[in-house]
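Since every read-out is calculated from the coordinates, none of them should be taken as a lab result. No experiment lies behind these values; they were computed from the predicted model shown. Every residue, glycine among them, receives a Cβ derived from its backbone with ideal geometry; neighbour counts consider all protein chains shown.
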Amino acid sequence: KAGVTQTPRYLIKTRGQQVTLSCSPISGHRSVSWYQQTPGQGLQFLFEYFSETQRNKGNFPGRFSGRQFSNSRSEMNVSTLELGDSALYLCASSLGELIAKNIQYFGAGTRLSVL
Amino acid sequence: AQSVTQLGSHVSVSEGALVLLRCNYSSSVPPYLFWYVQYPNQGLQLLLKYTSAATLVKGINGFEAEFKKSETSFHLTKPSAHMSDAAEYFCAVSPMNYGGSQGNLIFGKGTKLSVKP
């Protein structure tokens with residue numbers, strides 16, 4: 001069974017541009033979460049989607065947005081990139097929504113560098 | 001507000017020695033607690049989780065953790081370190097009364113474990 005696939009693995013953008021990252025969950029998984037990982041702030045939750053609906057959102061500005069498609073694939077978009085958006089963006093999927101009953105499987109991440 | 005503190009950003013042990021990674025949480029209600037491991041250039045992998053059942057939780061790769069409510073701790077241990085255990089370890093918390101959905105994980109800053117031959 002294929003794991004969580006994130007594309008692209010590496011991305012270089014300049015300030016002011018926008019970027020779209022993609023996440024394909026494990027087949028059959030309906031919950032997808034996104035996290036930002038930086039050396040300074042560590043791992044921070046961005047958003048969570050379940051059956052195409054955003055269930056939770058972290059404390060990030062409106063420049064960060066996401067969506068989930070009917071096949072559970074998810075995308076996140078960052079508009080008007082800032083230098084501080086440079087990070088590893090991780091996607092995780094799970095079969096169901098409840099954290100006590102399900103295991104999150106993480107992808108290898110997309111490393112975004114903003115110049 | 002919930003928070004997680006991992007004591008020691010770097011821990012170094014010799015192969016075969018005890019591994020002890022410390023995690024303390026702050027939560028107004030009993031939380032769910034997790035330990036994840038991250039190898040270089042990879043995502044996170046769940047080692048174990050506490051969800052209010054047994055206080056001593058056994059995970060993969062020989063790791064275990066004990067939930068101690070009185071100390072608000074959830075330290076990770078392994079009796080004998082292997083070279084392959086070298087990685088970064090993250091403790092995370094999610095409050096039980098949040099509805100239990102996946103996204104509300106608050107992570108500690110991580111502890112890098114080095115294993116010397």
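Which pairs break 25 Å Cα to Cα here: B:K69/B:K116; A:K101/B:K58; B:K49/B:K69?
B:K69/B:K116
Need one number: convex hull volume per residue for chain A, Cα atoms only, in Å³.
Output value, Cα hull per residue: 95 Å³.
Given 25 °C and 0.890 mPa s, compute D for chain B with the Stokes-Einstein relation, Rh being the Kirkwood radius over Cα pairs; round to the nearest whole µm²/s.
172 µm²/s
If you filter region B:50-84 for GluC sites (Glu not before Pro), then keep DSSP loop positions with at most 13 other Cβ within 10 Å, what is left?
For GluC sites (Glu not before Pro) across region B:50-84 that sit outside H, G, I, E and B with at most 13 neighbouring Cβ atoms in 10 Å, the list reads B:E71.
Using θ = phi - 60° and the Karplus curve 6.51 cos²θ - 1.76 cosθ + 1.60, what whole-Hz ³J(HN,Hα) does each residue of region A:15-28 get, with Gly and Pro shown as x?
Per residue, the Karplus-derived 3J(HN,Hα) values read 3, x, 6, 10, 9, 10, 10, 10, 9, 9, x, 4, 3, x Hz.
Return the aspartates and glutamates within reach of B:K112: Cα separation strictly under 13 angstrom, same-chain partners fewer than 8 residues apart disregarded; answer none if there are no such residues.
B:D85, B:E88
At R0 = 41 Å, how high is the FRET efficiency between A:I12 and B:S70 if r is their beta carbon distance? Nearest 0.05 is fine.
Efficiency, from the Cβ-Cβ distance: 0.25.
Name the long-range amide H neighbours of B:L48: under 5 Å, sequence gap of 5 or more, or other chain; modelled H, no Pro or chain starts.
B:W35
Reachable aspartates and glutamates from A:K57, Cα under 18 Å, same-chain residues fewer than 8 places away excluded?
A:E48, A:E75, A:D85, A:E97
Restrict the search to region A:8-102; then list the GluC sites (Glu not before Pro) that DSSP places in a loop and that have at most 16 other Cβ atoms within 10 Å of their Cβ.
Of the GluC sites (Glu not before Pro), the ones in loops of region A:8-102 whose Cβ has at most 16 other Cβ atoms within 10 Å are A:E52, A:E82.
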